[in-house]
Amino acid sequence: MINIDFYIKNLRWLYIVFILTFCSAFGQTFFISLYSGEIRATFELTHGQWGLIYSCATLSSAILILFVGGYADRISAKRLSTLVIFGLIVFVFLMANNTSTWGLVFIILGLRFFGQGMLGHISMVFCGKWFFKNKGKAVAVANSGYTLAEAIMPTIFVALIGLLSWQVSWYVSIIMSILILASVRFLAKTERNKGTKPQKEIQQVGMLKKSWKRSEMLRSWVFWAAVPGLMTSPMITTTLFFHQVHLVEIKSWDLSTYVLFIPAYSAATLFSLYLIGYLVDKLSTKIILPVFLFPLISGLLLLSIATSYLELLLIFILLGLSAGAYIVVYGTFFPEFFGSLYLGSVRTVGVTIMVFSSAIGPVLSGYFIDLGYLIDHQFKFFAAFSVFASLLFLTINLSVKLPENA
């Protein structure tokens, strides 16, 4: 049964976590990769060089997040959201006016740090701290923002790139970000944790009935066993979207037709978000761990041999189902296993892993493309890696006992 009352009572806070992930789109791979052709042509870069720039910038942003992500435990939601969105706006403006290859490296670093990294991070921290029994639902709502952006922005901005110069189209992103910033500042003017008693959420404890500090988590075998699975989805989906122009070329598909299928991916992601969010609240993240990568494995194997648009549709649906499940698992794994008291600090490690994995995928894949290994052949290796990660998750599922309230 859908708890409509939960969504109505928490509309303000759910909007904040939703719009933060929506705004993160301007630093996400699916958005930046729309400009890959124009960027490579403008700065005379090969696939490998562009992948190297992108990956180095992304890796650098991962390191930065490790040091500053913990501020989510100490700074108010309004102030932190303002700082992060404003930082994103600055780098979007720089992208619209950049003429230097070295400047491109700096700009991609800023877009990835503030967009992909910090906006997604603080949204998930807010979900973990503001919600307890309904954390699955909250994470689903939050990441619906990303899914909505992924569904509509490629079509909109591909059209804008055709109408305007590719750099001028980034000014539209500035306008959208300013409007989002204004709405967040207005709605976050009252801190949720300072509200009335019914609004407060009980602190969640993790394994051994305690909240784990980051140093304690890093000594736990459970965390390290989960790392391959936490890497899998961002590494693979980032690689796919980053090299989607190359994929379209070798499959003899039309890019303008290809992007029309992306909403199917987004719709499947959205469906999976709410289904898995419900199941996590009903069962637990632990129960979902061993199986949520199965659609990804199937989609990758099909993509390696696909030639038709009908197959592409099925692939996007499978990848979307797994992406939605991953988002919920990624958002609820840390509070469920390690508690919520130090969540901002603990999740910085998870964000670093996610960003790192999204960085190494494009550069390694681009390197092998330059060597003559087509990207669709690489997806078989990714499928095998996903099977390995699922087996490790099964080990966690069978070995770990969680408190009743987790």
Which stretch or stretches of the stretch 208-242 have amide N atoms under 16 Å from the point lying 7 Å from SER399's Cα along the Cα→Cβ direction? 208, 217-230
Please get the size of the charge dipole for the chain, origin at its Cα centre, with Cβ charges of +1 on Lys and Arg and -1 on Asp and Glu, quoted in debye to the nearest 20. 1900
Using alpha carbon coordinates only, what is the Rg to Rh ratio of the stretch 283-406, with Rh defined as the Kirkwood radius? 1.03
For TYR7 and LYS380, compute 0.36 nm times the residue count separating them, minus their Cα-Cα distance, and round to one decimal in nm. 130.2 nm
Looking at the stretch 285-349, what % of the alpha carbon pairs are farther apart than 16 Å? 54
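Kindly provide the helix-only [θ] at 222 nm of the chain, computed as the sum of -39,500 (n - 2.57) over DSSP H runs of four or more divided by all residues, to the nearest 500 deg cm²/dmol?
Helix-only estimate at 222 nm: -24000 deg cm²/dmol.
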Translational diffusion coefficient, Stokes-Einstein: compute it for the stretch 70-127 using the Kirkwood radius over C-alpha pairs as Rh, at 25 °C and 0.890 mPa s, and state it as an integer in µm² s⁻¹. 205
How large, in percent, is the carbon and sulfur part of the accessible surface of the stretch 240-353 at a probe radius of 1.4 Å? 74
Solvent-accessible ranking of TYR15, TYR35, largest area first, probe 1.4 Å: TYR15, TYR35
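Which sequence of TYR373, TYR7 reflects their accessible areas, 1.4 Å probe, from the largest down?
Details: TYR373 135, TYR7 55 Å².
Greatest to least solvent exposure: TYR373, TYR7.
Provide the per residue accessible area, probe 1.4 Å, for the chain, rounded to a whole number of square angstrom.
40
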All alpha-carbon distances of the stretch 62-160, grouped into 10 Å bins from 0, give the whole-percent distribution 14, 37, 36, 12, 2
Principal axis lengths of the chain from Cα atoms, whole Å, largest first? 56, 44, 39
Could you give the length gained by full extension between GLU216 and GLN49, i.e. 0.36 nm per residue of separation minus their alpha carbon distance, to one decimal place? 56.3 nm
Tell me which chymotrypsin sites (Phe, Trp or Tyr not before Pro) from the stretch 234-331 have a DSSP coil assignment and no more than 11 other beta carbons within 10 Å of their own. none
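Take the solvent-accessible surface of the protein heavy atoms, probe 1.4 Å, and return the percent of it on the stretch 1-147 that carbon and sulfur atoms account for.
That fraction is 67 percent.
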Can you tell me the 0 to 90 degree angle between the C-alpha axis of helix 77-97 and the longest principal axis of the chain, rounded to 10? 0
About the Cα centre, charge dipole magnitude for the stretch 2-77 (Lys/Arg +1, Asp/Glu -1 at Cβ), debye: 200
Quick check: Cα centre of the stretch 202-276 to Cα centre of the stretch 345-406, how many Å? 8
Using 7 Å Cα-to-Cβ label points, what is the ILE156/TYR373 separation (nm, one decimal)? 3.8
Output the pairs from LYS137/LYS210; LYS380/LYS401; LYS135/LYS209; LYS78/LYS137; LYS9/LYS189 with a Cα-Cα distance over 28 Å in this structure; if there are none, say none. LYS380/LYS401
Among ALA151, VAL259, LEU66, which residue has its Cα furthest toward the positive end of the charge dipole of the chain, with +1 on Lys/Arg Cβ and -1 on Asp/Glu Cβ? LEU66
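The values are calculated or read from the model by the stated rules, or taken from the named source; none is laboratory data. Predicted model only: the values in this text are computed from it and were never measured. When we count neighbours, we look across all protein chains shown, and the Cβ atoms used for this are built from the backbone with ideal geometry, even at glycine. Only protein heavy atoms, including side chains, enter the accessible area calculation; ligands, DNA and RNA are left aside. Shrake-Rupley method; radii C 1.70, N 1.55, O 1.52, S 1.80 Å.
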